[in-house]
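To keep things clear, I will list the structure first and then write my remarks on it.
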Amino acid sequence: MNAPRTRVQRRPVHGVLLLDKPLGFSSNDALQKVKWLLRAEKAGHTGTLDPLATGVLPLCFGAATKFSQLQLDAPKTYEAIARLGVTTTTGDAEGQVLRECAVTADMLTPERLAQVQQQFTGAIRQVPPMYSALKKDGKALYEYARAGVEVERAARDIQIYQLNVAPALTGQAQPAIKIIVTCSKGTYIRTLGEDIGAALGCGAHLTFLRRIDTGGLGIDRCVTLADLEAMDEAQRLACLQPPEALLADHLHVTLGTEDAARFLSGVRRRGAWPDAKAVAVFGQSPRALLGVAHVAAGELIPDRLLSPLEIQQILQSQPGASAAGILETP
């Protein structure tokens with residue numbers, strides 16, 4: 001008989017863990033693994049990475065889940081390797097080969113690569129791949145693709161903020177290019193690799209994909225799953241960054257005790273603040289994130305607030321901190 005499974009005692013955990021997602025894990029697989037390691041009650045991620053992709057995957061816990069949408073919408077930077085001369089059904093190395101084409105020297109001259117680089121920089125339109133999680137009549141496109149059904153997809157507007165395309169030294173006989181791209185939400189890097197290959201005249205598919213930044217959160221700040229597994233519980237919790245790590249590009253406003261308590265109750269506050277669409281609001285004593293807001297005509301208008309319980313739990317996790325003051329209703 002198998003021994004009964006030990007039930008994990010969940011607890012409130014608040015913050016952001018920057019994971020270097022390993023190869024072969026879906027984003028949800030990685031999330032559930034880290035959630036189990038932290039024994040966290042509530043968790044979510046900030047946009048999926050394919051199992052064949054590695055790199056930056058911000059995982060949000062507790063109060064931080066309220067701001068996960070901000071990372072979904074943030075620009076992202078990827079490194080990719082595209083093998084030239086071979087196209088596949090999926091746009092990556094997992095798919096079946098569709099066609100092969102010779103790669104000639106004139107396709108890879110600095111002038112030709114610069115031309116293609118310019119062609120795919122700025123506002124462009126991209127047709128989503130069949131092997132994607134986009135829905136058509138309530139069914140994911142990849143389900144149609146696996147059944148051999150091609151579904152018409154409308155091209156979508158995306159933004160390529162920066163693009164670098166150069167020959168890649170892979171040690172393989174087949175020529176390849178390295179792509180470094182910073183792009184908007186909704187960009188499919190597999191499709192970008194295919195489109196660049198088509199523009200070069202030989203086709204391509206991705207053999208490597210790594211996200212190295214999302215919304216200013218870089219790979220150098222990430223922890224691996226293997227490292228997390230080797231840590232004790234206190235070390236894992238120490239890897240968490242506060243929820244405001246997701247709000248680095250927000251205007252920061254700090255309120256005194258009375259204004260903080262009223263703001264936390266959803267009441268607008270008046271002050272000499274400039275108009276701003278994205279504001280991170282803090283209480284002063286003790287310093288604690290209260291939520292996000294926007295400023296219009298001198299009014300600080302709440303958008304998303306932490307609960308008093310969440311603030312109390314965050315402060316209690318900080319040695320010597322107290323929730324007194326900002327949680328008192330004047």
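Quick notes on this structure:
- For segment 65-82, Karplus couplings with θ = phi - 60° (6.51, -1.76, 1.60), whole Hz, Gly/Pro x: 5, 5, 10, 5, 4, 4, 6, 4, 8, 6, x, 10, 10, 10, 10, 9, 10, 10
- For segment 149-166, Karplus couplings with θ = phi - 60° (6.51, -1.76, 1.60), whole Hz, Gly/Pro x: 9, 9, 10, 5, 10, 7, 5, 10, 7, 9, 10, 9, 6, 9, 8, 10, 10, 8
- For segment 284-301, putting each phi into the Karplus relation 6.51 cos²θ - 1.76 cosθ + 1.60 with θ = phi - 60° gives couplings of 8, 9, x, 5, 8, 5, 9, x, 10, 8, 9, 10, 9, 6, x, 9, 8, 10 Hz, in residue order, rounded to whole numbers and with x for Gly and Pro.
- Simple Cβ-charge dipole of segment 1-131, Lys/Arg +1 and Asp/Glu -1, about Cα centre, in debye nearest 20: 940 debye
- Computed with a 1.4 Å probe over protein heavy atoms only, the accessible surface of the chain comes to 51 Å² per residue.
- Residues with amide H under 5 Å from that of Thr54, placed H, sequence gap 5 or more: Leu209, Arg210, Arg211
- Full extension of the segment from Ala140 to Thr104, taken as 0.36 nm per residue of separation minus the current Cα-Cα distance, would add 9.2 nm.
- Charge dipole (the chain, unit charges on Cβ, about Cα centre) - positive-most of Ala43, Pro128, Leu57: Ala43
- Protection-proxy order for peptides 82-93, 226-237, 38-49, 159-170, each taking the mean of Cβ atoms within 10 Å per residue, highest first: 82-93, 38-49, 159-170, 226-237
- Normalising the average separation of contacting C-alpha pairs (under 8 angstrom, six or more residues apart) by the number of residues puts the relative contact order of the chain at 19 percent.
- Segment 196-330: C-alpha gyration tensor shape, a/c 1.5 cut-off, then a/b vs b/c: oblate
- Around Gly186: net Lys/Arg minus Asp/Glu count, Cβ-Cβ under 9 Å: +1
- Inter-centroid distance (Cα atoms) of segment 78-110 relative to segment 24-39, Å: 32 Å
- Distant-in-sequence amide H partners of Ala168 (H built 1.01 Å from N, under 5 Å): Ala176, Ile177, Lys178
- With Cα atoms defining each centre, segment 117-182 and segment 198-268 are spaced 25 Å apart in the structure.
- At 1.002 mPa s and 20 °C, Stokes D of segment 161-215 from Kirkwood alpha-carbon radius, µm² per second: 176 µm²/s
- Within segment 85-139: Cβ-based charge dipole about Cα centre, in debye rounded to nearest 20 (Lys, Arg +1; Asp, Glu -1): 340 debye
- Segment 46-149: C-alpha gyration tensor shape, a/c 1.5 cut-off, then a/b vs b/c: oblate
- Sorting the segments 102-109, 295-302, 199-206 by their residues' average number of neighbouring beta-carbon atoms within 10 angstrom, most packed first, yields 199-206, 295-302, 102-109.
- Ranked by the mean number of other Cβ atoms within 10 Å of their residues, highest first, the peptides 209-215, 311-317 come out as 209-215, 311-317.
- Taking Cβ atoms as reference points and 10 Å as the exclusive limit, the residues near Leu37 contribute a net charge of +2, counting Lys and Arg as +1 and Asp and Glu as -1.
- Amide hydrogen neighbours beyond the local backbone of Gly85, cut-off 5 Å, H modeled: Gly203, Ala204
- Lysine pairs in the chain with Cα atoms under 14 Å, if 8 or more residues apart or on separate chains: 5
The values are calculated or read from the model by the stated rules, or taken from the named source; none is laboratory data. Quick caveat: nothing in here was measured; it's all calculated off a predicted structure. Ideal geometry is used to build each Cβ from the backbone, glycine not excepted, and the neighbour counts take in all protein chains shown. These area figures cover heavy atoms from the full protein model, side chains too; ligands, DNA and RNA do not enter into them. Shrake-Rupley method; radii C 1.70, N 1.55, O 1.52, S 1.80 Å.
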